[in-house]
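Asker: The following block contains the structure, expressed as structure tokens.
The values are calculated or read from the model by the stated rules, or taken from the named source; none is laboratory data. None of the values given here were measured: they were computed from a predicted structure. Using ideal geometry, Cβ is built from the backbone for each residue, glycine included, and neighbour counts are taken over all protein chains shown. In case anyone asks, the SASA skips ligands and DNA or RNA and just uses the protein heavy atoms, side chains included. Shrake-Rupley method; radii C 1.70, N 1.55, O 1.52, S 1.80 Å.
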Amino acid sequence: DSQLLYSSFVENIPAGVFRKDYLGRYIFVNSIFCRNKGLAKEEILGKTATELAHYLRDKEAFSESKYHQSFFVSDEHHRMIMNTGKPMIVEEAYPQSDGSVEYLHVTKTPVYSGAGEIIGTQGIQFDITNLKQAEQELVKSNQRNAMLISNLPGFVYRCAFDHNWTMEYLSEGCKTITGYAPDDFINNKRLAFNDIIHPDYREAIFEKWEDQLHDKRVFKEEYPIITANSEIKWVWEQGRG
């Protein structure tokens, strides 16, 4: 039976599935949706998202400090889809009883009658909590790395292998050593990094690094640069391709 097959598929799909009637009341939810909300199916059906939020608060499913705006936003999304007929893709965050936050990627679409009228909304939600946590950890890691780099007695860079040494990234220590702001060199905005290498060393350095990069060796070199105030300054550099 096709209806039985469809019901089995929706019930067992690894995502929350819901449908709302014209007034925004839940008329269908699968088991994953119930698990996401931490409620039984009978506690959800017949309620709007806002009513569900009040219900959760009243039964002390979470404290007032975790009374999250996403519940109210969900009802607003329902009204917008009913009025415009346009689907929506959103991220929603829901606080959990243990103090953590669950993040869901939700696609919401209108439901049409046989006559072509919008009679409700439906949606499918995927748990992206692990992805969001990974993104947050990456941001923290980048912040730690940026702090570490900013405290180095020198500067860190990433550049293209061309005769200009076209810079893609330079840390702030660049200004202390060269007298130029990092942004001056990015994509050769004001000048190329090769412009500040002493002319007597430019070609020799390029040829040496060309050989070492070709062999995938770490390169080390000392050479003079001309700073922003025309001072000759010797620098030591180490890197790899």
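Residue by residue, here is whether (1) of a type in the set (Gly, Ala, Ser); (2) out of contact with any helix residue (DSSP H, G or I) (no Cβ under 6 Å at 6 or more places or on another chain); (3) at pLDDT below 75 holds:
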site: TYR22; (1), (2), (3): no, yes, no
site: LYS37; (1), (2), (3): no, yes, no
site: LYS47; (1), (2), (3): no, yes, no
site: LEU52; (1), (2), (3): no, yes, no
site: TYR55; (1), (2), (3): no, yes, no
site: SER63; (1), (2), (3): yes, yes, yes
site: LYS66; (1), (2), (3): no, yes, yes
site: PHE71; (1), (2), (3): no, no, yes
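Asker: Hey, another quick one. Being in contact (Cβ under 8 Å) with a residue 40 or more places away in the chain and open to solvent by less than 10 Å² (accessible area, probe 1.4 Å) is the filter; apply it to segment 19-35 and report the residue that is nearest to SER74 (Cα to Cα).
Answerer: Checking each candidate, the answer is GLY24.
Asker: Let me ask something else. Can you pull out every residue in segment 154-183 that is farther than 19 Å from ARG240 by Cα, in a loop (DSSP other than H, G, I, E, B) and modelled with pLDDT under 90?
Answerer: GLU172
Asker: Which numbered condition trips up ARG217, out of (1) open to solvent by less than 80 Å² (accessible area, probe 1.4 Å); (2) over 29 Å from the mean Cα position of the chain (by Cα)?
Answerer: Every listed condition holds for ARG217 apart from (1).
Asker: Can you tell me how many residues in segment 87-111 are over 15 Å from PHE18 (Cα atoms), open to solvent by 50 Å² or more (accessible area, probe 1.4 Å) and part of a strand (DSSP E or B)?
Answerer: Total satisfying the criteria: 3.
Asker: Looking at ASP195, ASP127, which one is of a type in the set (Asp, Glu), surrounded by 16 or more Cβ atoms within 10 Å (Cβ to Cβ) and within 30 Å of THR84 (Cα to Cα)?
Answerer: Testing whether each residue is of a type in the set (Asp, Glu), surrounded by 16 or more Cβ atoms within 10 Å (Cβ to Cβ) and within 30 Å of THR84 (Cα to Cα) leaves just ASP127.
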